Structures are given as structure tokens and as C-alpha cells.
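The values are calculated or read from the model by the stated rules, or taken from the named source; none is laboratory data. Because the structure is predicted, anything quoted here is derived from the model rather than measured. Because the Cβ atoms are built from the backbone with ideal geometry, glycine has one as well, and the counts that use them run over all protein chains shown. Remember, those area values only see protein heavy atoms, side chains included, never the ligands or the DNA or RNA. Shrake-Rupley method; radii C 1.70, N 1.55, O 1.52, S 1.80 Å.
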Amino acid sequence: MVRRADYADPTALRAALDGVDRLLLISISGTGASAAHRNIIESAQDAGVGHIAYTSILNADHSSNPLAPEHYATERILAASGIPTTVLRNAWYHEVYTRLIPSSLASGEVVGSTGEGRISGAARADFAAAAATVLLDDAVPEAGTPRIYELGGSSFTLGEFARTLSDVTGRTITHRNLTDVEYTAELEAAGAGASAGLVVGTDASIRAGEMETDSQDLAQLVGRPLIPLAQTIRQVLEAQA
């Protein structure tokens, strides 16, 4: 069954959540995201939803990532809601980088300002499997005390991503690391506009080690070996062929 609603329409949200016991709240991004999430959470309260799983960001409570404040604000709203909550603090999807493969193959390089910062990335499918496991678990967290998972896979630097892409494709792809100022200028020259600050701020947080975790929560929830970065790259290339 598909029910249509809108973040800004509490009446429609309430109707869409009628009879729902377990809800996966997939986060939106940007300024005001937590306000939109609040509308859903309040509608879930009215509808009597019994458990919410929310897709947050890795290290949300202390990350300088520009996206973290809205995520952490949503986590606090959930904690105060009285609804049993599980917080899925996801690291970056592999797909955040594999979507750039066409441009990397065209230019022969992967560009960023992450330095040697490591990314505990994982395939979107693995994060989805973890969310499904949580929603199917009969052990619901206690209301007011969210269960928090820091979720990530085998970490890699952007340079290692470039080398893996080279290995899979048989082509030489290099990593060009820039300063924040250089990267901002390059993005703005390419027409990124206001989003340049978001991209560079995100890379700065990665450089600071905030997209890395040694937590094994993701592998434990999935219950099988996680999909390697090289396999995700191959799947993307096969889909583009």
C-alpha cells in the first residue's frame, strides 16, 4: 500500500501514518530539515506509531559536518517524543563517490580536500539491510532512551578510492587533493554556487576524522560480510555499460 503525504501537511501525514506501528524516517538534508522531521514525528505521536528508526549521520553529536546539526536536532526531537527510537548514524554511502565515476574517468582524477581523512563507507544496500533488521527486531528501545548505532564499513581515503577505481577499470585515476580555498574556487568556477561551501565543509569534517568509525554495528546488524568498495564500483560500471 502506498500513501501519499507531504512534510508540510500534518493532516496528510497523520492520515498516512494511521495504523503504522514501525516507521523508517529517512532524513532529508539542508536547512530546516529538523523542522520538517518534527512534523512527521508529531504526526507519528498522534497516530500511535510504536517505533521510529531514523537515518542520521555518523558522529552526529560532535561532527563539524555541515549536515550534522539538523540530524542531531532531529535526534533530540525524537528522544523527547516519547516514541521508542533507534538512530541509525550512517557513514557516507559508497554511492556518494561512485556517482562521480563518469567525471573521474573523463578527467583521470578524483578531486577533493579530504586529505588523508578516512571514510567508513558502505554500500547503500548494506545500510538498507541494517535498517530492515532494526525494524523487524522485537526488542524495541525504551521510550526516551534512543538506541544509537554508529554505522560504517571498511574505511578508505579518497586516494584509496582513486586507486580502487584504477584497479577495477584498468585505467590510471589519480587523486588531486586541494586546500579548502582551492577547492572552493574550483567548485565555484564549475558553477556549484552556494553548494560549494557544503561540499568543502563536508570534506573538512572528513579530514578531521569525523566520517570514520571502528564500530562493528553495521556488520553485526547485516549479519554477513559487507559489500566491498570494489564490488560497488563494478556494479556501477556494469549499470552504465
request  = Output the helices (runs of 4 or more DSSP H) that fall wholly within segment 38-111 and possess 3 or more residues being within 19 Å of residue 204 (Cα to Cα), or say none.
outcome  = 68-80
key: Tally, over segment 100-131, of residues that are under 24 Å from residue 222 (Cα atoms), open to solvent by 50 Å² or more (accessible area, probe 1.4 Å) and touching a residue at least 40 places away in the same chain (Cβ under 8 Å)   = 2
remark   = residue 213 fails exactly one of (1) closer than 30 Å to residue 134 by Cα; (2) out of contact with any Asp or Glu (no Cβ under 7 Å at 6 or more places or on another chain), namely (2)
ask   = List pairs: first in segment 184-201 and within 18 Å of residue 97 (Cα to Cα) and of a type in the set (A, V, I, L, M, F, W, C), second open to solvent by 50 Å² or more (accessible area, probe 1.4 Å) and assigned to a loop (DSSP other than H, G, I, E, B), Cβ under 8 Å, 6+ apart or cross-chain?
value = 198/66
inquiry  = Looking at segment 224-235, can you tell me whether even one residue there is more than 16 Å from residue 67 (Cβ to Cβ) and among the hydroxyl-bearing types (Ser, Thr, Tyr)?
reply    = yes
ask   = Does residue 156 satisfy being touching a Phe, Trp or Tyr at 6+ places or on another chain (Cβ under 7 Å) and either among the hydrophobic types (A, V, I, L, M, F, W, C) or modelled with pLDDT of 95 or more (or both)?
value = no
task = Could you please let me know if residue 52 is free of Cβ contacts under 8 Å to residues at least 60 places away in the same chain and either touching a Ser or Thr at 6+ places or on another chain (Cβ under 9 Å) or within 21 Å of residue 120 (Cα to Cα) (or both)?
result = yes
key: Residues located in segment 34-60, provided they are out of contact with any strand residue (DSSP E or B) (no Cβ under 9 Å at 6 or more places or on another chain), small (Gly, Ala, Ser) and under 12 Å from residue 70 (Cβ atoms)   = 34, 35, 36
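To keep it simple, each residue is scored yes or no on (1) under 14 Å from the mean Cα position of the chain (by Cα); (2) among the acidic types (Asp, Glu).
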position: 3; (1), (2): no, no
position: 19; (1), (2): no, no
position: 23; (1), (2): no, no
position: 42; (1), (2): no, yes
position: 45; (1), (2): no, no
position: 51; (1), (2): no, no
position: 60; (1), (2): yes, no
position: 63; (1), (2): yes, no
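Residues checked against (1) open to solvent by less than 70 Å² (accessible area, probe 1.4 Å); (2) in contact with a Cys (Cβ under 7 Å, 6 or more places away or on another chain); (3) in a strand (DSSP E or B):
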| residue | (1), (2), (3) |
| --- | --- |
| 133 | yes, no, no |
| 138 | no, no, no |
| 141 | yes, no, no |
| 144 | yes, no, no |
| 150 | yes, no, yes |
| 153 | yes, no, no |
| 159 | yes, no, no |
| 167 | no, no, no |
| 176 | no, no, yes |
